[in-house]
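None of the figures in this text is laboratory data; all of them are computed from the coordinates on show. Everything numeric here is computed off the predicted structure, so don't read it as measured data. Positions of Cβ are generated from backbone atoms using ideal geometry, with glycine treated the same way; all protein chains shown enter the neighbour counts.
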Amino acid sequence: MAPLFRPRTNALTVVFLVGVLALLVAISVIAYVVYRSPYQTDAGYAPEQPIPFSHQHHVGGLGIDCQYCHTSAETSDFAGIPPTRTCMTCHSQEWTNAEMLAPVRESLSHQEPLAWTRVHKLADYTYFSHRAHVNNGVGCESCHGRVDKMHMTVQRQPLTMEWCLECHRDPGSELRPQDKITSMGYSPEDDAIPGHELIDQYDINLDHLTECSSCHR
Amino acid sequence: MSEATSNASKRYGLLGRFHDADALIVAIRTLREEGYRELEAFSPYPVEELNEALGVRSRWLTVVTLIASLAVAAGTYWMVWYSAAVDYPFVVGGKPLHSWPPFALIAFVLAILSAVVTAFLGMLCGNRLPRLYHPAFNITMFERASNDAFFLLTNVGTLTHDEIESLRSRLTDLGAEDVQEVPP
Amino acid sequence: MKPTERDALLPADLTHASLTQRISALVLERRSPLGWWIAVLICAGLTLMFVLSLSVLFTVGIGIFGLNIPVAWGMPILNTIWWIGIAHAGTLISAVLLLTRQPWRAAINRFAEAMAMFAIVCAGLYPVIHLGRPQFFYYLLPYPDTMGLWPQWRSPLVWDFLAISTYLIFTASFLYMSLLPDLATLRDRARGWRAYFYAVLALGWNGSAAHWMRYEKTTMIFAALATPIVVTVTGIISLDLAVSIVPGYHFTIFPPYFVAGALFSGFSTVALLAVALRSLFKLHDLVTPTHLDYLGRMMLLFALIVSYAYTQEIFVAFYSGEDYYRTVYFDRWTGPYAPIWWSMIFCNVVLTQLLWFKRVRRSPMALLCLALTSNLGMWLERFQIVFTSTHADYMPSNWDTVWPTGWDWATYFGSLGLFGLLLLIFVKLMPLISMHDMRALIAKRQASEKSRDEASPGEASHE
Amino acid sequence: MKRLLTYLSSSGTSAVRRFRQQPPLVLTLQVALALSLLGALMAWSTLLQAWLTAWVLLAFLPLGAMALLMVHGLTGGAWGDESHLVWRNLVASMPLFALALLPLLLGLDVLFPWMAAHDTLPDVVRHKRFYLNEPFFIARTLLYLMIWVGLSLGLTRPPSSRSSTPRWYAPGLIVWALTVTFFCYDWLMSLEPTFYSDIYGLEIMAICVVSVLALGLFISVVSLRPSIRLDLANLWLAVLLGWAFLAFSQLIIVWSANLPFEISWYLNRSEGAWLWVGRLSTLLFLAIPFAMLLPTAAKRRSGWLRLTAAIALVGYLLHMHWLVWPSFTTSGWAFLFGPIAIVTLATAALWWIGDTRRHALIAFRSVEEKYHDGT
C-alpha cells in the first residue's frame, strides 16, 4: 500500500506550523503598532476648515491671548469657539475685502455661525471640563501643543485614556502658575516652581484624579 | 516489498506482527538481550510493560509541567500585584491594594491553564507530532496497529544482508506471525 | 472491582477486531439512522432561531431581554451556570473515574467529554451575549491597551473569564488528545478523502510505545488537573453571586453547592445522552444497564449533596437572625416565584429519591425521565437563585417582579439546539465510544480470564 | 460543678482496679485527671475552654474514621479492605468521647455568650433564641451523642460476612453528615453567636476526614502494602484539597462582602499571635503535606508518609486551636490546662478502647493477626 503522505510531508508540516506561529506573532505586533499609531488615535489630524485660520499668525505673530477668542475657557466646561463677531472686532478694520475672509462676512450678514470642523474630539462617555483644567494650572499647551506654531489647527496629542491618565496620576510636571496658563513655550525649569508645590497651591486631591467617576459620569 | 531485498541500504527496518502483547514483550526482551537496541513497538492500546521491556523512561513531562505552572503562578501573582498595587493603585470596595485572596485565586487559575497547555504541547513535542509520514505506514498490515495487532520495528540500517535474514528468522522464532521489510 | 462486574460492562464476545469494526462503521458508513436526521433537523431549526435572535439582540440591544433593574443579570447568567454545570460531569467522568480506575468510564467517556466541550461553548456564549457589545470581550484580558487600565482583579467577573477560558482550553485539549488514537484507527480504515481527513487530524499517531507512554503521562496530568478545574470554574461562577452582599446570593456554601449542583445536572445529562445514543446507534451491549446504574448512583449522590445545601441555606438564613435573610426565604416560599421554588424541590429532592431503587436506575426509560426532570430542576434552581434574590432586596422602593421575554426563551432554546447540533455532527464524524479505552478494558478481561484459568480457584486477584 | 466532681472521681476510682496492669498509661491518666480536677477548681472557665478544644481536637478523629468506614462500605476498594482495622479501632473510642462531653453541659453559661440574660444580647442574637436556648441545645447534643455512639457500635461490631455491606451505611452517612454539621453549629459556631456561615459544617466534615487519614497513616503505614499507601495518600491529598477549597471559599466570600457579623470571625483569628498560629497551621496542615504528597514514588514509602502525617498532625493541632480558642477570652491558665485536657482525653480514649485495640493501634503490624483470631 502506498502511504498517504511522502517523507517530505514531515518537513512541510514543520514549515507550515512555524509559518502559522510567525503569522500570529506578526499579527500581534502589527495590531500593537497600529493601535497606537496616528491612524487609530488621530494625532496629527488637521481637517480643512471653512477659512484657513492660522493660529501661527494670530497667536505667534500678533500675540493675541487665547482667551481673547476662547472666552469661556476659564469659566465653562467648554472653551468655546468664538462667534463671528469676535473675528469682526478686527476684521471689520483689517483685510475687509480679503477673498479669504468672505465666509466670515457672509456669516455675519446671514446671522449664521461659521461651521468649523472640530479638531479635538473626545468620546461621548468622557466627561471633560475645560474650566477644571485651566483653573488648576494646566496650560493650554499641555493638551493643544504649540498652537503658536500651527498654521492649521492640528491635534498634537493622541487623546487616549492612557495619555489622560499619565497626567492624572502625576500632574506635577504639567502644572504651571496661574499667570502662565496661556503662555506658549513655558518650561518649568525656568520658573523653578516644583510640581508638588503647585499641587499644594492648587489644592489638587490626587486620589480623586484617578477615580473612574472623575471622567466617566 | 520482497523485490527490494537485494539492497540493504534502501531498508529502514524489519516489521514483525505479533498476536498479543505478551509475545511482543518477550520478543523485545530477548532481542535486547541479544544486543538489538533500535527497537520500536506498536500497540493498539497502552501497554505499560512495553516501555519497561524497551527500557524507555521519560520523566521530564511531569517536571516541566510542574515548573511551568509554578513559574506562571509566580509571574501572574507578580503581574496582578504590580498592576493593582503599583501601576494603578486604586482602592475598590475598601479592599487593601494588595488583596491576596483574589490575587492567589487568579494565579491558581492561570497555573492550571499553563499546566494544561504545557502538558498537551509537551506530549505533542515529545512524540514529534504532527508527523504524518512514518516508514511503517508503507506496510499494509500496519493498519492493524490501530486495531488488534502488535508490531515490532527493528532498525536494520547498519546491518548486512545476512544479518537481516537471521533477524527475520529470529523474529519468526519469537512468535511473529508475519515479518516484512520497511522502506525508509 | 470484581471480575463479574467488569463482565457486566462488556459483551462476552467482544474482541478488539469486532469492537473496531462496530465503532468505526458508525462513522465511516454513510447511512445514518432516521432518528439522527430528525434530530439534526430539529436542532438545526433551533440553531437558526439562536442565530436570528442573536442578530436581533446585537442590532437592537440587550433591552430585548427581560433583564432589568432590579434583576439585572437574569437569564444569561442563569444559562451560563446551567451549561457549565452540564459540562462538569463530562470532565469528571473522563478524569476522576480514570484516577480512581473505574472501568465503567470506558464506554461513556467519549460522548461525555464531547458533551462537556459543547456545553462549555454554550456556557461561554452567554456572558459574551450579555455584554451587548460582544466585540469588546477582550477588555477582560490584561493586554497593552491605550487606556492605561488593568482588569479589576478583585472582580469575580474577571475570574470567571479566566476560569471559563481555562476550562474550554482544557476540555478541548483533553478531548482531542483522547481522540488521537481513535482518529488513527479511522485513518487506517477509511478510504479516499476521508482517509486524508482523519490522517491530518490524527497527526501521524502510530501507537508506538513512546507515544503511549507520553499519552498516558499527559492523561494522568490532565486527570489530576480536572478536579481543581471543575471546582474552581463552578466555584468562581458561584462567587459572582456570593461575594456580593445581596441576601440570597451571599451564602458561604455557594461554591461547593454549585459544584454539587453542576455535577448533578451533568451526570443527569450524561445519563440522558447515554440512553438516547445507545438506542439511536444500537449500543445496548456496550452501554449496559450497569453503566446506567452507576450514572443513577452518581445522580443520587449529588442530588443528596444539593439537598444538604438547601437545608443549610434555609437553616442559616433563619439562624443568622437577620431579617433580610429570613425574608428571602419567606419570599421564595410564598412570593411571586414560589411555584418555581416548590417545583425545584419536587424535581431535585423528591423525585431523585426514586434513584435509591436499583430497578429505577437500571431502567433506561425511568432514568431518561429522571434525567430530564433533574435538568429542569437544576435550571429552576438557578432561576430562583438569580431572580428571587435580586427582585426584592434591601430597598422596598426597588422591588419588582421580572420575567423572561420571548427573546430570552428563543436564545435559551436556541442554545439547546446549538448544543444538540454540535453533538450530532460530532457523533457522525468521530467515534462516539473511545476505542482504545475499550481495547484496554477487553485486554484486562482477557488477562484476568487467563490468570483465572491458571491460578488456583479462590485466590483473590488484585489489580 | 459538684456533679462533675463526683462523676470524675468515681470514674477515676473505679478505673484504678483495671489499670494495675498498664502502669504508664494509668499513671498518666490519673495524673492528668487529677490536674484537670485541680483546673476545674482553680480556673473553671479556662478548664471548660481547654476541655472543649481538646474534645473537638480528639473526637473529630473517630468521627472522621466513621465516615471513612461507611464510605468504604459503600464504594469498596482495596484501600479500605486492608486498612479498615485502624479506622475501627479509632471509632471504638467514640463512646468515651460521648461521655467526656457531658461535663461541659454543666458549664454552658460559661462557654456560650448567648446564655447571657436576654436583655443584654444584641438583636441578631436575640433572634436566634428560637434555636440557641439551653433545653433545646442539651437535647440536641444528647441526640448527636446517641447517634454517634450507635454508629460507632455498629461500625466496630465484628463483620459477620465481608461480602455484603449493611444496608444502613448510606442512611448512616447522611445522618453522620447532618449530626456533624449541626454539632459544629451548636458547639463551635455559636461560641461567637453573631457569626454564621453555612459552609462551616462541610468544612468540619472535611477536617475530620483529613486529620484521621493523617493519623491512620501515621499509625499504620508500615503495615500496609505500597499500593495501599499510595491509595490512602491520594485519598488524603484529595480530601485535603477539598478542605482547602471549602476553607478558601468561606474566606473569599466573607472577605469580599466584608459584613460585620462575618468578618469579625476572621478578625478575631488574625489578632496578635493567632495570625501566626493560623499561618503556621496552614503551612503545616496544608502546604507542606500537599507538596510532600505530590511525587507518586514517595507516596509508596512508609518513612516519607509517616513524616508527612506527623507534620500534618501538628498542623491539625494548631489549626483546631486557631479555630476554637480565639472565640474565648482566655486567662493565662490556658497554657497549662490546654495541654492537660488534651493528655487527659487522649489517654482516656486509649484506655477506653482496651488492650487489644490499643496495641493494634500502637504496634499495628505485630498484633494484626492476633486480633483477627480474637474476633
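Can you give the average number of partner chain beta-carbon atoms within 10 Å of each beta-carbon in peptide C:136-147, as a whole number?
Mean partner shielding for this stretch: 3.
Over what distance in Å are the Cα centres of region C:336-403 and region C:424-455 separated?
38 Å
By counting other Cβ atoms within 10 Å of each Cβ, how are D:Ser227, C:Ser208 ranked from fewest to most?
D:Ser227, C:Ser208
Report relative contact order for chain C in percent, whole number only (criteria: Cα-Cα under 8 Å, sequence separation at least 6).
Relative contact order, chain C: 31 percent.
Taking neighbour Cβ counts within 10 Å as the exposure measure, how do C:Ser374, B:Ser58, C:Ser389 sort from fewest upward?
Fewest-to-most ranking of C:Ser374, B:Ser58, C:Ser389: B:Ser58, C:Ser389, C:Ser374.
Percent of alpha carbon pairs in region B:145-184 separated by more than 11 Å?
In whole percent, the share of Cα-Cα pairs in region B:145-184 beyond 11 Å is 68.
Sorted by mean Cβ packing within 10 Å, highest first, what order do the peptides B:128-136, D:72-80 take?
Those peptides, ordered most packed to least, come out B:128-136, D:72-80.
So for region D:118-203, what percent of the C-alpha to C-alpha distances run longer than 21 Å?
Roughly 44 percent, once rounded to a whole number.
Let's see if you can work this out: charge +1 on each Lys and Arg Cβ, -1 on each Asp and Glu Cβ, no other charges. What is the dipole magnitude of the protein assembly as shown about its Cα centre, in debye to the nearest 20?
4280 debye
In nm, to one decimal, how far is the modelled label at A:Thr126 from the one at D:Leu38, with both set 7 Å along Cα→Cβ?
Placing both labels 7 Å beyond Cα along the Cβ direction yields 7.8 nm.
Measuring from label point to label point, each 7 Å out along Cα→Cβ, what is the A:Ala102 to C:Trp333 span in nm?
Those two pseudo-labels are separated by 8.6 nm.
For region C:331-411, state the semi-axes of the equivalent ellipsoid (square roots of 5 times the eigenvalues of the alpha-carbon gyration tensor), sorted largest first and rounded to whole angstrom.
Semi-axes from the Cα gyration tensor: 32, 15, 7 Å.
Please name which of A:Leu206, A:Val119, A:Gly60 has its Cα lying farthest along the dipole of chain A towards the positive end, using unit charges on Cβ (Lys, Arg +1; Asp, Glu -1) and the Cα centre as origin.
A:Val119
Whole number please: convex hull volume per residue of the Cα set in region D:258-299, in Å³?
Once divided by residue count, the hull of region D:258-299 is 72 Å³.
When the Karplus curve 6.51 cos²θ - 1.76 cosθ + 1.60 is applied with θ = phi - 60°, which whole-Hz ³J(HN,Hα) does each residue of region B:38-48 get, with x for Gly and Pro?
Per residue, the Karplus-derived 3J(HN,Hα) values read 8, 10, 10, 10, 10, 9, x, 8, x, 10, 4 Hz.
Within 10 Å of each residue's Cβ, count the other Cβ atoms and sort B:Arg32, B:Arg17 from fewest upward.
B:Arg32, B:Arg17
Counting only other chains, and only Cβ atoms inside 10 Å, what mean value do you get across the residues of B:51-64?
Across the residues of B:51-64, the mean count of other-chain Cβ atoms within 10 Å is 3.
Mean shadow of chain C, computed from the convex hull of its alpha carbons, in nm²?
Spelled out: convex hull of the Cα atoms, projected over all directions, averaged, 25.7 nm².
Dividing the convex hull volume of the alpha carbon atoms of region A:113-217 by its residue count, what do you get in Å³ per residue?
Once divided by residue count, the hull of region A:113-217 is 124 Å³.
Eigenvalues of the Cα gyration tensor times 5, then square-rooted: what semi-axes does that give for chain A, in whole angstrom, largest first?
Taking √(5λ) for each Cα gyration eigenvalue gives 47, 27, 16 Å.
So how strong a dipole does region C:344-463 carry about its Cα centre when Lys and Arg Cβ are +1 and Asp and Glu Cβ are -1, to the nearest 20 debye?
The calculated dipole for region C:344-463 is roughly 520 debye.
Return the whole-Å distance between the Cα centroid of region D:264-321 and the Cα centroid of region D:170-197.
Between the Cα centres of region D:264-321 and region D:170-197 lies a distance of 23 Å.
Hey, could you pull the Cα Rg and Dmax for the protein assembly as shown, both in Å?
Here Rg and the maximum Cα pair distance are 36.9, 129 Å.
On average over all directions, what projected area in square nanometres does region C:133-177 have, based on the convex hull of its Cα atoms?
4.2 nm²
Using the per-residue mean of other Cβ atoms lying within 10 Å as a proxy for protection, in what order, highest first, do the peptides D:324-336, D:112-124 fall?
The densest-packed peptide leads the list: D:324-336, D:112-124.
Amide H to amide H under 5 Å from B:Asp178: which residues, 5+ apart in sequence or cross-chain, H placed 1.01 Å off N in plane?
Close amide H contacts, sequence-distant or interchain: B:Arg17.
Two decimals, Cα atoms only, Kirkwood Rh: what is Rg/Rh over chain B?
My calculation of the ratio gives 1.27.
Of D:Leu29, D:Leu283, D:Trp236, which is farthest towards the positive pole of chain D's charge dipole, taken about the Cα centre with +1 and -1 on the beta-carbons of Lys, Arg and Asp, Glu respectively?
It is D:Leu29, whose Cα lies furthest towards the positive end.
How big is region B:60-126 on each of its three principal axes, counting only the C-alpha atoms and giving the largest first in Å?
For region B:60-126, the Cα spread along each principal axis is 48, 18, 14 Å.
What does the charge count around D:Ile138 come to, taking other residues whose C-beta lies under 13 Å from its C-beta (Lys +1, Arg +1, Asp -1, Glu -1)?
That works out to -2.
Hey, which aspartates and glutamates would be in cross-link range of A:Lys121, C-alpha to C-alpha under 18 Å, not counting anything within fewer than 8 residues on its own chain?
Those aspartates and glutamates meeting the cut-off are A:Asp42, A:Glu48, A:Asp77, A:Glu141, A:Glu162.
Provide, for q = 0.08, 0.09 Å⁻¹, the log10 of I(q)/I(0) from a solvent-free Debye sum over equal Cα point scatterers in chain D.
Reported log10 I(q)/I(0), two decimals: -0.41, -0.52.
When the Karplus curve 6.51 cos²θ - 1.76 cosθ + 1.60 is applied with θ = phi - 60°, which whole-Hz ³J(HN,Hα) does each residue of region B:110-120 get, with x for Gly and Pro?
6, 4, 5, 4, 5, 4, 4, 5, 4, 4, 5
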